Amino acid sequence: MRTIPVLALALGLLSGCSYFNQGGNWAKPGTDPDQALSDLDSCEAEARAQTKVDRGIDQDIAATQGTGVFGDPAAETGMTGYQSAKRYDDIVESCMQAFGYARQ
């Protein structure tokens, strides 16, 4: 039964690697590095704001459910961290694509 929290924590840590590694992976023809960095900063700010809202909603839901889906608070924390990091990455990617960038 201890395997689930350890696995969830490991997934959360692995996803954290991409959480902070968004820069330098985006390209848009005719865009200088300063503009690309500014656009990336804007997208990351949007992602931080949205994931903060999502975490608040998740906390409210968890408070009404008691132990959560996995029945283990450590597993719940690990999965929530993984989902939050994935959501952050997805928001940044969608935002950068909306600005016209492509992943390199």
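Rule-based calculations on the coordinates, nothing more; no lab input. All figures in this text were calculated on a predicted structure; none of them were measured in a lab. Heads up, the Cβs are rebuilt from the backbone with ideal geometry, glycines too, and the neighbour counts pull from every protein chain shown.
Quick look at the numbers
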item	result
Peptides ranked, highest mean first, by Cβ atoms within 10 Å: ranges 53-65, 86-98	86-98, 53-65
Amide H within-cut-off set for Trp26, under 5 Å, with H built and near neighbours excluded	Gln104
